[in-house]
Structures are given as structure tokens and as C-alpha cells.
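The values are calculated or read from the model by the stated rules, or taken from the named source; none is laboratory data. Since the model is a prediction, treat every value here as computed from it, not as a measurement. Reconstructed Cβ throughout: ideal geometry from the backbone, glycine too, with neighbour counts over all protein chains shown.
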Amino acid sequence: MSEKFRFLKFLVAVTRHMMWKGVAFVLLLAMSVSAPAALAATSQSGLSVELELSKTQVELGEPVALKVSISGSSDSAEPVVPDVDGLQITLQGRAQSVQIVNMEVKTSRIFTYVVTARRKGEFTIGPAEVTRKGQTIKSDTVRLVVAEPPRSQPTATTQQGGNVIVEASVTNANPYVGQQITLLFRFARKAGASIGNGSYELPSLYNFWSEGIESRREYAQRIRDSDYIVTEVAVPIFPITEGDIDIGAIALRYDELVDSSHSRFDSPLLNDPFARSFFDDDFFKIFRSGEVVKKTAYTAPIRIHVRPLPDEKRPNGFKGGVGNFTMTGRLSGNEVKVGESVTLTITLSGEGNIRDMSDPKLEVEGVKVYSDTPSINVKNYHDVIVGEKVYKLAIVPQREGEIDIPKISISYFNPATGRYEAAAAGPLTLKALPAEREVLTPPSATGPERVVGGQGRQDILPIHERVGPVASNRVTPWLAAVWPIAYSLPLLAYALCFVLVKRRERLRTDTAYRRYKFATRTAESYIKDAHAAMASKKWDEVFTKCSRAVTDYLADKLNVPASGLTPADVKAELSSRRVSEALLKETIEFLEACDYGRFASSRRGPKVAREYIERAQYLIDRFEEEEAIKQ
Amino acid sequence: MRSFVRPIFLFALFLFLLTTSPVVSTHEAYGSPDKQASPAVREHEVNNVFDIANEEYKAGNFEDAAKLYEGLVSGPGLKTADIYYNLGNACFKLHKYGKAIASYQRALRLAPREQDVLANLRYVRSLTKDKIDRPRSTEMLQGLLFFHYALNRPESEAAFLAAYFATALFAIACLFRKAKTLKWLTIASLVLALTFGASTAMHAYRAAHPVDAVVSVEETGVHTGPGDTYILAFNLHDGAEFEVRSRVEGWLQVELPDGRRGWVRDSHVEIIS
């Protein structure tokens, strides 16, 4: 049974496979027959027209873009999009696209229209028609569904549970073309309501131009006996088309915590609708008993009527500036030499569409004027667009004398007065001085180029015939030769002299230092005297000089009075300075032996005298190495 | 005595430290003698090529003359103000105002008081399209620091060394003899040494980090950022001068004498090194 079933299943699969193959075969056959015909038709016309809507479902008043793409020709006429009752279709712009694919040039033109619905319902747009060389090509059609937008303002309040009120308005519902108005979007949220993650979405402002500088403020207000926190967003916009313009609904999207115990989350963070709430963190979600509900509130659309600028008394050269402007002019200097430049800075400032203001025109006889791209600075000042446009003109006089720069004015339309006015600067006066006469060096070359400078000068001075050497080449080798010693020698010399002077100064003023430094020299002097005494066989004087050599040496080194210094004093001084015991003992023995030698005749003789002189010298050498008596 | 000696010693030490960097850089710039070619041979070759270039120039072959002059200054030979001056003239004849200005500026770095160079530079500047205001403070500063602008780097360094030696001599004399005249001479020469030392250091720094630049193409756009996608603020034309502030790959941030800033393509600019 099961085998039969399996077989049947196999048969069904094979049959189905064959059926699909058959269908595919039939389709392929149909395509092979129809494709050449279609291709032939296309190649005959060379054109294809397509319609495309950016959105197929919109709310009333919300504009939608309609694109008409014409492929295959760049010289066709503009497409004709038939009027549709209930829709306003306005051409917004055109663009051309050229592509080279596999060495084949493909050209297409795209026409963009703005479609705005005047009533709700379903509409069919098209077909659009394009005519080329007597042939008319039609596009397909597209469908647009227009729905009623959700009511905002008071009714939105009830829809959102009474915690949120949204509304939109404009500061002037009857402006002129180019006059700045402000789209105000306010939403109020009840104090204590748990609302977060708020974001608003402005409608497409196709008929307006905006600097993109919004301002936002927040304040508290009491509405229907409840406290609300109101956030107001002001968007300065400039209408660019005349007639009735609908500004679509502004959508406010936010999260609301629907919870009876929402007071727990009543924090400033939660109250800021544009901030991500601290309590939105997943960690805190586990503690919440309520539910976060995503909600959207819409304002009602606004209709404004844009008036055209009056034709009456429209000045020549008016380019569309609307607002209230002033202008100042300033020269960078009142005097300039012929051929040199001075900058005329013209500053245009005020409220309005300063970008649309025409550029100043300046023509002065005998003066060349070079203009530069103006710099523009625009900012939002209390919901009013104010700006500054700075023109810099280089003025180069071509003749001497007083040059009068006439008044420079730029026309604009002032919506406050309803008249065309002019912002003006000047007139200004410039004194053109004679051109500077060049001071030339003695002729280094001759030739037709050398024409003495000034106004008559027509060309540069001629080339130099000799390559040099110039001054730098003479100095460079000299510097290269002396530089190793040049930098170090003065400093070293000064340092050496400085040390010498310092030492001399100290020797002069510091007695202890001087005695210390000259102690060895004094001792050597006594040793020398001792040698002399030995040579003249004055033995007692040998002992005296040897004793003085050691005692005076120690007195100088230790800065103590030398006269009357007994061995006991020497012992006491050396002991206080912690001189080694052996040296101390040896010194005292030597001094006592000297005293003894002076009076004992048995110790007289050249051998003993030489021994004592050597001992004195030895002791002095030992003390020279003794750290305890060093300063 | 002691109170006067100590500041002098410290000043001398400061002077030594101050001049250390110019010394090194200057010495490197001069090059050691054995690394340079024989000056006689080199000068001989330079003279020959220079004469040929001059002949080409007089014959109206400015393109060829400019190439020869450029060859001279691009090689290891002598870079003299005269070669740069003639190169500037050739560029001017070819209506390359930016390159002419750059050549004259280089000539002035070697011979800052050369009147022919100054005259031609002024003339070429008067023909450039962009007339850019220089603030009066800049002119005043240039007047105040006239010694810096009137001397080239070796001259400035020579003046520094002379003042440095004088400072040392007077300071040594002060050590041995107390005299007010000597003291004031020491201070005066020290001020001079510091002034010329700073000038030398500035020359060396500017040589190592060149910032002066000039537009070398007919027209270039100055954008608000380093790329063509940034807004075009204004245009500059051949010969417009400015200073380079920073570099990003392929782009230079420049500042004009009137304070305007922007970014230009580095290939449109010649930096005066």
C-alpha cells in the first residue's frame, strides 16, 4: 500500500513538473513572438514614458512628488500631465541624466511635479503624453489615495487621552511672496504625565524656502484648569509661490506610560519629551507595572494666502528681496596711488530674505572695479531671520585726482510699509595720488624693457646679465668657516673670566677662604726656610720653622689664630673635627718633639734636621688628604 | 658687582641656547665644504648656462629661457638672486604672474635690498587681478622690523655674531672694571644680539617651514573645507598671495592678508620655499 502510494506521489510530481515545463515553454514561445514586435515598436518611437509617485497614500494637504521620466530621447517636448479634478499639479523642476553603458549612450529626462490634494478621495493621474516628431507616446497611470488627516488641536487632545495638546499656526496667514513668516508648532503635555521619546515631523514645505534655523522654547501654562508644560517650536519660512498654500499636518510621535502608579516616574528626565528617559532602560522595565504606548498626534493643516508683490512702482533691477534692510559703505583708505587698490566694503544687513537681494552695481569713470563673492551670515533672532551680506569691491584708480564714488543702492520690498524701498550707502570720495616712481639701481643691463617707472611704465625692468655673486654668497662661506668657534668662544671666554673674577673677589673679601687656599703655600714657605736654616746649621731654627710650618698650616686651614697655638690647642681643634687618631697622635708628637729639639742640644745635627723637615712635609701632605679639615 | 654679573651670565647662557637651533639649521643649509662641488667649476657651468638662458630670453624664447633658469636653481649649483630675478622676468613674459611673483620673492630672500627685484615685484603685483588689502598693522610691523626684512639670513646671522662677540667682550670688560659706559655698552650690544638672534631664528624657521604661497594657475576656488564638495567661498586668480596655515591631503588651508581663510588645491599653488 505504501509502495503504491509512493509511486502515485512520484507520478503526480512528474506530471506537475511536466506541466510547469509546458507552461514555461508556452510562455517562452509567446515572448519570442511578442518581444521582437515590442522591440520594433520601441525602436520606432525611441521613447518611453513612465509615471512615478513618491507616495500612493497621503493625507489631505500633504504634498506628494510625481516624477515623469522620459527615456530614449533628449529632444522631446515637455510631457503633458492631464489636470485631475481635486488635485493641484505644479511643475517643480526638471533634470537630465546621461549614462554610457556598454558604449551605448542612454539619455533620460525627469520632470518633477508637486501634487497637492484639495479634497479626499481616490484619484487617477495620467497618462502623461509626450510628443516627438508627430508621434505621441503615452505613459501608464498611477493612483493616489487621499485621506482626511487626523484632527489635531482640541480634538487631538481627547484622542490622546487628555495628556497632550498639539497645535500649529503661522504668524501671518496673508504674507507677500518672499516675506518671512514663522510656522509655530506648540504641544502641551500635562504636568506629571509620563511622556518620553517625543519627536515631531514637519510636513513637506515644497512651496517654502527655509534657512533651516529653528528655535525652541518651553514654558508652563494653565489650560482648562490643568497645568501643562508647553514646548513651542518656531520655524521661519519664506513662501516662494503665490496663491493659496496648504501647510500639512505636523505629526508628534511620543511614548506614554499608561500606568496608575506613574507618579513613580515623575522625573524631569521623563518630562522631557525629546529626551530618552532614564526609565526607558531595559533594566527599569522589569519594575514597571504599566505599559508604554506609542502615540501620534497631528495638528490641523493650515492654509495661507500668499500675495504677489505689487507691480506698481517696481524699481528696475529689483531681484526679489523682501524685508527691511540697511546698507553701509566704507573705504579701507581715503587715499590711494594710481594703479593700486583700495577696498570698498559694502555691508547690507537687516530682516528678510537677504540671499535674494541683488548685488550692488558700481561704475565709476577712470576706476576699475573688481567684485568678489559676497559673504553671507544669517541667524535666527527671536524667530526673525536677520542676516548680513558683505560685498568687497577692489577699487583701482586709473587717473589722479578726486574720485567721487556715487551712492550705491539696492532695492527691496518692505512688507511693513507695502512699498518698494532702497538701502543705500555713500556717496564716498577717494583721492587718487600719483603712482609711485620706481627707484632704479645703476644700469645693470640695457634694453628696450627699461622704462623708468611711474605711470608711464609699461614693462618690467630687464634681466640681469651677470649671475652674481650677490651679497649672501659672499657672507655664506665666511660664516661657514667661523661658525664652529663663533658661537662657543665668547661664552667660554666669558665663563672663564667670570670664574677668575669670582675667585679673586672671594680671596679679597673672605679671610677664611684666603687662609685656607694659601695654607699650603705658607707651609711650603716655612719648609723652605727650614731648609735654609739647615744649610746655615741653625738647628734650633730648623725645629722652629718645621713647627711653624705645621701649626700655621693647621691654623690657616682651620681658620684659627696661629700665634700662641700650642700642641694642646692643636689637639683640641683637631679632635673637635674628628681627625683620625693616628694622624692626631703623630702631629702632637711631632710638635712636642720640635719644641724639645729647639732646646735639647743632643738632637742637633743635619740628619735629625732633615728628618724633621721630611716629617713636617709628610704631615702637611697627610693633612692635604684629610677630609676632616677640608672646607 | 655680584648683582650685575649674574644677569649678564644668565643672558649669555640664554643667548647660547637661543642661537643653538639657528646654528644647526644654518650650518646644515650651508653644507660642509667636502659635500659641495668645487665652486670654481660650478660657477663656470652656471655662468655658461646663465648666458645661454639670457640669449634665449633676448631672442623672445621665454619658455626655453625659463626652463634653463629653473634648471639652474633646481640643481645643486648656486642659487643666486640674479637667476631667480631673470626667472621671474621670463615667467612674467609668459603671463605666469604667480610664478613670477614666487621667483621675485625667492630672489628677495637672497638679496632683500635689490631694487630691480623690488620694482618688478611691485609691477607684477599691480597687474594681478585680486587686489587684497594688507592691514596697516602689517605695514607698521614691517617698518618696525625693518632690519629683519632688509637683511637676508646670512647677513642677519653675521650681524648677530658681531653683536654677540661685542656683548661677550664688553661683559668681560665689565667683570674687571666697573664703569657705567661699559655696562651700557654691554646692555646695548646684548639687545642687538638678541634682536639679530631672533631675526636669524625667524629666517631659519621660515626657511624650514615655508608658509608664503601664491596662486600659480589662472583661477582657483577657495572652499570652506578641504574638498570640492565644500561651499565655494570665493575665487582667487593668478598671482594672489597668502599664507598657508595647514595641510590636508591635496588641500591647503590658506589665510589672505585681509584675514579671509579657506581651502585651495595644493596643485594650484606654489609655496615660496
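May I ask you to say which residue of A:Glu211, A:Glu218, A:Glu291 is within 30 Å of A:Gly418 (Cα to Cα), among the acidic types (Asp, Glu) and modelled with pLDDT under 85?
After applying the criteria, what remains is A:Glu211.
Would you confirm, using the coordinates I've provided, whether A:Thr296 is modelled with pLDDT of 80 or more, among the hydroxyl-bearing types (Ser, Thr, Tyr) and over 35 Å from the mean Cα position of the chain (by Cα)?
Numbers: modelled with pLDDT of 80 or more: yes; among the hydroxyl-bearing types (Ser, Thr, Tyr): yes; over 35 Å from the mean Cα position of the chain (by Cα): yes.
Answer is yes for this residue.
Is it the case that region B:130-141 has a residue that's closer than 26 Å to A:Val336 by Cβ, in a helix (DSSP H, G or I) and facing another protein chain (nearest Cβ under 9 Å)? Step through it out loud before you land on a result.
Within region B:130-141, the first condition is being closer than 26 Å to A:Val336 by Cβ, and the residues that meet it are B:130-141.
Of the ones still in play, those that are also in a helix (DSSP H, G or I) are B:136-141.
Among the residues that remain, those that are also facing another protein chain (nearest Cβ under 9 Å) are: B:136.
Checked region B:130-141: at least one residue is closer than 26 Å to A:Val336 by Cβ, in a helix (DSSP H, G or I) and facing another protein chain (nearest Cβ under 9 Å).
Scan region B:197-234 for residues that are within 30 Å of B:Tyr149 (Cα to Cα) and part of a loop (DSSP other than H, G, I, E, B) and report the count.
The number of residues fulfilling the criteria is 6.
May I ask you to verify whether B:Glu218 is under 17 Å from the mean Cα position of the chain (by Cα) and charged (D, E, K, R)?
Answer is no for this residue.
Can you name the number of the only condition in (1) of a type in the set (D, E, K, R); (2) touching a helix residue (DSSP H, G or I) at 6+ places or on another chain (Cβ under 7 Å); (3) in contact (Cβ under 8 Å) with a residue 12 or more places away in the chain that B:Lys178 fails?
(2)
Going through B:Asn152, B:Asn89 one at a time, which residue ends up being modelled with pLDDT under 90, at the interface with chain A (Cβ under 9 Å from one of its Cβ atoms) and either under 23 Å from B:Pro257 (Cβ atoms) or out of contact with any helix residue (DSSP H, G or I) (no Cβ under 6 Å at 6 or more places or on another chain) (or both)?
Checking each option against the conditions leaves just B:Asn152.
A:Tyr494: in contact with a helix residue (DSSP H, G or I) (Cβ under 7 Å, 6 or more places away or on another chain), away from every other protein chain (no Cβ under 14 Å), modelled with pLDDT of 90 or more and surrounded by 14 or more Cβ atoms within 10 Å (Cβ to Cβ), yes or no?
Values: in contact with a helix residue (DSSP H, G or I) (Cβ under 7 Å, 6 or more places away or on another chain): yes; away from every other protein chain (no Cβ under 14 Å): no; modelled with pLDDT of 90 or more: yes; surrounded by 14 or more Cβ atoms within 10 Å (Cβ to Cβ): yes.
No; evaluated as a whole, the condition is false for this residue.
Taking the stated definitions as given, is A:Thr544 surrounded by 15 or more Cβ atoms within 10 Å (Cβ to Cβ) and among the β-branched types (Val, Ile, Thr)?
Details: surrounded by 15 or more Cβ atoms within 10 Å (Cβ to Cβ): yes; among the β-branched types (Val, Ile, Thr): yes.
Considered against the rule, which asks whether it is surrounded by 15 or more Cβ atoms within 10 Å (Cβ to Cβ) and among the β-branched types (Val, Ile, Thr), A:Thr544 comes out as yes.
Which members of region B:155-177 meet the condition of being more than 7 Å from every other protein chain (Cβ to nearest Cβ) and more than 24 Å from A:Ala480 (Cβ to Cβ)?
Of everything in region B:155-177, those that are more than 7 Å from every other protein chain (Cβ to nearest Cβ) and more than 24 Å from A:Ala480 (Cβ to Cβ) turn out to be B:Phe170, B:Ala173, B:Cys174, B:Arg177.
Can you name the residue in region A:321-346 that is surrounded by fewer than 16 Cβ atoms within 10 Å (Cβ to Cβ) and not basic (Lys, Arg) and is also nearest to A:Thr417 (Cα to Cα) among such residues?
A:Thr326
Go through B:Tyr123, B:Tyr97 for me and flag whichever is within 8 Å of chain A (Cβ to nearest Cβ), modelled with pLDDT of 90 or more and more than 17 Å from the chain's Cα centre (by Cα). Explain how you work it out, then say what you get.
Details: B:Tyr97 fails: within 8 Å of chain A (Cβ to nearest Cβ).
None of the others qualify; the one that does is B:Tyr123.
What is the residue count in region A:536-575 for residues that are in contact with a helix residue (DSSP H, G or I) (Cβ under 9 Å, 6 or more places away or on another chain), part of a helix (DSSP H, G or I) and not acidic (Asp, Glu)?
22
Just for strands (runs of 3 or more DSSP E) wholly inside region A:193-245: which have at least 3 residues that are touching a residue at least 12 places away in the same chain (Cβ under 8 Å) and among the charged types (D, E, K, R)?
A:215-223
Report, by residue number, each residue of region A:394-417 that is out of contact with any Pro (no Cβ under 8 Å at 6 or more places or on another chain) and without any contact (Cβ under 8 Å) to a residue 40 or more places away in the chain.
A:Gly401, A:Glu402, A:Thr417, listed by residue number.
Taking B:Lys79 and the conditions (1) in a helix (DSSP H, G or I); (2) at pLDDT 70 or above; (3) within 22 Å of B:Arg109 (Cβ to Cβ), which numbered condition does it fall short on, given that it satisfies the others?
Just one mismatch for B:Lys79, condition (1).
Do we have A:Pro469 as in a loop (DSSP other than H, G, I, E, B), under 30 Å from A:Lys337 (Cβ atoms) and either of a type outside the set (Gly, Ala, Ser) or at pLDDT 90 or above (or both) here?
Details: in a loop (DSSP other than H, G, I, E, B): yes; under 30 Å from A:Lys337 (Cβ atoms): no; either of a type outside the set (Gly, Ala, Ser) or at pLDDT 90 or above (or both): yes.
Against the criterion (in a loop (DSSP other than H, G, I, E, B), under 30 Å from A:Lys337 (Cβ atoms) and either of a type outside the set (Gly, Ala, Ser) or at pLDDT 90 or above (or both)), A:Pro469 does not qualify.
Within region B:128-154, which residues are aliphatic (A, V, I, L, M) and farther than 18 Å from B:Leu256 by Cβ?
Matches in region B:128-154: B:Met140, B:Leu144, B:Leu145, B:Ala150, B:Leu151.
Identify all residues within region B:49-60 that are farther than 11 Å from A:Ile463 by Cβ and surrounded by 16 or more Cβ atoms within 10 Å (Cβ to Cβ); write none if there are none.
Scanning region B:49-60 gives a single hit, B:Val49.
Within region A:377-431, restricting attention to residues that are within 14 Å of another protein chain (Cβ to nearest Cβ) and of a type in the set (A, V, I, L, M), which residue is nearest to the chain's Cα centre (by Cα)?
Of everything passing the filter in region A:377-431, A:Val378 is nearest to the chain's Cα centre (by Cα).
For region A:123-140, how many residues are closer than 30 Å to A:Pro203 by Cβ and either without any contact (Cβ under 8 Å) to a residue 60 or more places away in the chain or surrounded by 13 or more Cβ atoms within 10 Å (Cβ to Cβ) (or both)?
7
Residue-wise test of (1) out of contact with any strand residue (DSSP E or B) (no Cβ under 7 Å at 6 or more places or on another chain); (2) away from chain A (no Cβ under 13 Å); (3) not aromatic (Phe, Trp, Tyr).
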| residue | (1), (2), (3) |
| --- | --- |
| B:Met202 | yes, yes, yes |
| B:Ser216 | no, yes, yes |
| B:Gly221 | no, no, yes |
| B:Tyr230 | no, yes, no |
| B:His237 | no, no, yes |
| B:Ser246 | no, yes, yes |
| B:Trp251 | no, yes, no |
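For region A:155-169, indicate whether the set of residues that are within 30 Å of A:Lys319 (Cα to Cα) and modelled with pLDDT of 85 or more is non-empty. Lay out the reasoning, then the answer.
Narrowing region A:155-169 to residues within 30 Å of A:Lys319 (Cα to Cα): A:169.
Subsequent filtering for residues that are modelled with pLDDT of 85 or more retains A:169.
Yes: region A:155-169 contains one or more residues that are within 30 Å of A:Lys319 (Cα to Cα) and modelled with pLDDT of 85 or more.
Quick one: in region A:360-372, which of the residues that are among the acidic types (Asp, Glu) and surrounded by fewer than 16 Cβ atoms within 10 Å (Cβ to Cβ) is farthest from the other protein chains (Cβ to nearest Cβ)?
Here the answer is A:Glu365.
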